[in-house]
1. Could we say that Glu262 is acidic (Asp, Glu), open to solvent by 20 Å² or more (accessible area, probe 1.4 Å) and in contact (Cβ under 8 Å) with a residue 12 or more places away in the chain here?
2. I'd like the full set of residues that are under 23 Å from Leu239 (Cβ atoms) and at pLDDT 65 or above, limited to the range 77-95.
3. Lys212 passes all but one of (1) touching a residue at least 40 places away in the same chain (Cβ under 8 Å); (2) within 25 Å of the chain's Cα centre (by Cα); which number fails?
4. Can you name every residue in the range 160-187 that is part of a loop (DSSP other than H, G, I, E, B) and in contact (Cβ under 8 Å) with a residue 12 or more places away in the chain?
5. Being within 23 Å of Thr229 (Cβ to Cβ), of a type outside the set (A, V, I, L, M, F, W, C), open to solvent by less than 20 Å² (accessible area, probe 1.4 Å) and touching a residue at least 24 places away in the same chain (Cβ under 8 Å) narrows it down to one residue among Thr125, Thr134, Thr152; which is it?
Amino acid sequence: MAQVNLKRLIGGKGISQDLFREILGMADERLSVLDQDGNLLVGPEISAPKNKVPIQWEDRVLGWVCGGERAYVLAGLLNQLAAKESERKTMGQEVLTLYREINIIYDFSEKLAEAIDPESIAALTLEEAKQLITASGGAVVVLGDENASSSTELLSAYGGCFLADKRTESLNEILKEFIEKNAAEIVNDVRNDGRFNWVPEGVCSMLYAPLKVENRVLGMIFMVNSEETTYKAGDLKLLTTLGIQAASAIESARLYNKVISEAREREET
């Protein structure tokens, strides 16, 4: 949820200062509003108020209304204004996020159109992900071309990602299992998650998303961080979006290479 500032709320965003003073004047008792640190925002100084009612948004105290019984009424009004302001800000943030995602998809699609082989597509995908998501390394791993039982193949990696190390049989089987599960996930505490005891100690956080074309999973894109990082749903959503686009491009590149190879074989024959 978006943050709410009480001073701004009663200073023009939620309700103007003049209107707020008029509301205070309509009460048949003295009322004042303090911020969360006890600083006077509006109204008279009240040295020993009968009531000091909190103005709350979710679990956070934004400030206080001081006065008599009317303090509860005014605090209730400000609580409602805080909730409305939060909703307004959240909606604005969602619109901006959606607009950003549309731009990312459009720009990334243009870049992918210039890549003609799976390796360059994977490298381009990681480069894009690196700019959008904080990570110390990343990798794109795929299953062998049209053969889910084959070994996994590293198409691209950066930042010394452990997945770029020599592929062992056990790691190959683990990666195949992850790919076949077709899942996207955030793992913010790798070291305390028993499912990832195969990941080196240097990795603290990780997120991954499938490279999926229709009902078939080609591989997985991994982003890892050697520092403690709290990835959020928005990060995973961006990575998933990049993965979907990259998968389609890799599939097309594989098909193109297959057609070219078959044509060359016919020509040689």
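1. Working: acidic (Asp, Glu): yes; open to solvent by 20 Å² or more (accessible area, probe 1.4 Å): yes; in contact (Cβ under 8 Å) with a residue 12 or more places away in the chain: no.
Here the answer is no, as Glu262 does not meet what is asked.
2. At the first step, the residues of the range 77-95 found to be under 23 Å from Leu239 (Cβ atoms) are 90, 93-95.
Scanning the range 77-95 gives Thr90, Gln93.
3. Among (1) touching a residue at least 40 places away in the same chain (Cβ under 8 Å); (2) within 25 Å of the chain's Cα centre (by Cα), Lys212 violates only (1).
4. Within the range 160-187, the first condition is being part of a loop (DSSP other than H, G, I, E, B), and the residues that meet it are 160-161, 165-168, 182-184.
Selection gives Gly160, Cys161, Arg167, Asn182, Ala183, Ala184.
5. Details: Thr134 fails: open to solvent by less than 20 Å² (accessible area, probe 1.4 Å); Thr152 fails: within 23 Å of Thr229 (Cβ to Cβ).
Of the residues listed, the single one that is within 23 Å of Thr229 (Cβ to Cβ), of a type outside the set (A, V, I, L, M, F, W, C), open to solvent by less than 20 Å² (accessible area, probe 1.4 Å) and touching a residue at least 24 places away in the same chain (Cβ under 8 Å) is Thr125.
The values are calculated or read from the model by the stated rules, or taken from the named source; none is laboratory data. Owing to the predicted nature of the structure, the values given are computational and were not obtained by experimental measurement. With ideal geometry, Cβ positions are generated from the backbone for all residues, glycine too; neighbour counts draw on all protein chains shown. These area figures cover heavy atoms from the full protein model, side chains too; ligands, DNA and RNA do not enter into them. Shrake-Rupley method; radii C 1.70, N 1.55, O 1.52, S 1.80 Å.
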